[in-house]
1. When only residues in the stretch 133-145 that are part of a helix (DSSP H, G or I) and over 12 Å from Asp185 (Cβ atoms) count, which is modelled with the lowest pLDDT?
2. Among the residues of the stretch 187-224, count how many are among the basic types (Lys, Arg) and closer than 22 Å to Pro165 by Cβ.
3. Going through the stretch 156-196 one residue at a time, which ones are over 14 Å from Lys220 (Cα atoms), hydroxyl-bearing (Ser, Thr, Tyr) and part of a helix (DSSP H, G or I)?
4. Just to be sure before I move on: is Arg234 under 34 Å from the mean Cα position of the chain (by Cα), of a type outside the set (Ser, Thr, Tyr) and either modelled with pLDDT of 95 or more or surrounded by 14 or more Cβ atoms within 10 Å (Cβ to Cβ) (or both) in the structure I sent?
5. Please count how many residues of the stretch 153-164 are exposed (fewer than 14 other Cβ atoms within 10 Å of the Cβ) and without any contact (Cβ under 8 Å) to a residue 12 or more places away in the chain.
6. Pull up the stretch 205-225, narrow it to residues that are aliphatic (A, V, I, L, M) and either touching a residue at least 40 places away in the same chain (Cβ under 8 Å) or in contact with a Lys or Arg (Cβ under 9 Å, 6 or more places away or on another chain) (or both), then point me to the one that is surrounded by the most Cβ atoms within 10 Å (Cβ to Cβ).
7. Among the residues of the stretch 182-194, is there at least one that is under 28 Å from Glu143 (Cβ atoms) and aromatic (Phe, Trp, Tyr)?
8. From Met202, Met174, Met179, which residue is buried (at least 21 other Cβ atoms within 10 Å of the Cβ) and either within 19 Å of Val129 (Cβ to Cβ) or of a type in the set (A, V, I, L, M) (or both)?
Amino acid sequence: MEIDKILSVTLIILAIPVTISVVVLLARLLKVIFFHGEVNLEDVIFSKERIRQVDKSNMEQERNIVSIQEAVAVSNYKSQRELMMNILRKDTSQSLGSISYALNSEDTETSHYAATALRDELGDFRSNVLKLYKNVKKGEKAEPSQLCEFIEKTYGMICQDVFLPTEKRQYTDMIDEIMKIMLADYKDDIKPQYYEWIVRCMIENDNKESAKEWCELADKNLQGLLTPYKCYLRYYYYCDDGTDFIKTIDELKNTDIPIDNDTLEIFRMFG
């Protein structure tokens, strides 16, 4: 009985190499029969010209993205990087205020992304805006569309709080000059919101006299519109002038001028 077991084990040991050899030979035979042709790699070449990018809807992504401030506070470096890359894929010119918060990140990669984006956007802005401003100062006649573009781009940067106080004041003064040029030459091309913007900029720069001046100009040039009331409300709030603030609300209530959501909130708070 013992001899039979030994013989069985011996046969199994001897059969293993033979079985492996048969399997290997069979595999080679099948390869020769079925895969003898050249492999065509044309469709798997990783070329940007051959890739069709299909972007999924960003709606779900937008709902799940937390603000830069919160991401930095959590200190989750992977989340910070993903958030920064999502922002940088889009138009960053209107996101600089948020991107600037990422400069405070302890993650060097995230702060590098933010610094690069800010440097590039602010560099382009300074170059383009200052070029137009210098041309206007030289006396070159600018088109109304160019002056409007200057105001909109400059205010768009100012309101994102990415400048130091001195530079912010410099660009506010530039808007003031361009607005006065438009008042003289292209009065009808000044959009009502420009008055609101310049009043806000002057207030943020603590320039009380200029803020009042622009409120008066809005009142003079925009009769029958909401803009002068909004300018005065902002100005009186800044001056802590409760009497004139409430008086302006009452005057607006007695008109037929349609109000926006911001003004409606003021009515609810002080009406």
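The values are calculated or read from the model by the stated rules, or taken from the named source; none is laboratory data. The model shown is predicted, which means the values in this text are computed figures rather than measured ones. FYI the Cβ positions are ideal-geometry reconstructions off the backbone, even for glycines, and counts take in every protein chain you see.
1. The initial filter retains those residues of the stretch 133-145 that are part of a helix (DSSP H, G or I), namely 133-137, 144-145.
Subset that is over 12 Å from Asp185 (Cβ atoms): 133-135, 137, 145.
Working: Tyr133: 84, Lys134: 82, Asn135: 79, Lys137: 74, Ser145: 89.
The selected residue is Lys137.
2. The initial filter retains those residues of the stretch 187-224 that are among the basic types (Lys, Arg), namely 187, 191, 200, 208, 212, 220.
Going one step further and asking which of them are closer than 22 Å to Pro165 by Cβ, we end up with 200, 208, 212.
Going through the stretch 187-224 one residue at a time, the tally reaches 3.
3. Hits for the stretch 156-196 are Thr166, Tyr171, Thr172, Tyr194.
4. On the way: under 34 Å from the mean Cα position of the chain (by Cα): yes; of a type outside the set (Ser, Thr, Tyr): yes; either modelled with pLDDT of 95 or more or surrounded by 14 or more Cβ atoms within 10 Å (Cβ to Cβ) (or both): yes.
Answer is yes for this residue.
5. From the stretch 153-164, those exposed (fewer than 14 other Cβ atoms within 10 Å of the Cβ) are 161, 164; that's our starting set.
From the residues that got through so far, the ones that are without any contact (Cβ under 8 Å) to a residue 12 or more places away in the chain too are 164.
Total satisfying the criteria: 1.
6. Of the stretch 205-225, the ones aliphatic (A, V, I, L, M) are 211, 217-218, 222, 225.
Narrowing further to those that are either touching a residue at least 40 places away in the same chain (Cβ under 8 Å) or in contact with a Lys or Arg (Cβ under 9 Å, 6 or more places away or on another chain) (or both): 211, 218.
Details: Ala211: 23, Ala218: 25.
My answer is Ala218.
7. Restricting attention to the stretch 182-194, the residues satisfying the condition of being under 28 Å from Glu143 (Cβ atoms) are 182-194.
Filter again for aromatic (Phe, Trp, Tyr), leaving 186, 194.
Yes, the stretch 182-194 contains at least one residue that is under 28 Å from Glu143 (Cβ atoms) and aromatic (Phe, Trp, Tyr).
8. Details: Met174 fails: buried (at least 21 other Cβ atoms within 10 Å of the Cβ); Met179 fails: buried (at least 21 other Cβ atoms within 10 Å of the Cβ).
Step by step, each of Met202, Met174, Met179 is checked, and only Met202 is buried (at least 21 other Cβ atoms within 10 Å of the Cβ) and either within 19 Å of Val129 (Cβ to Cβ) or of a type in the set (A, V, I, L, M) (or both).
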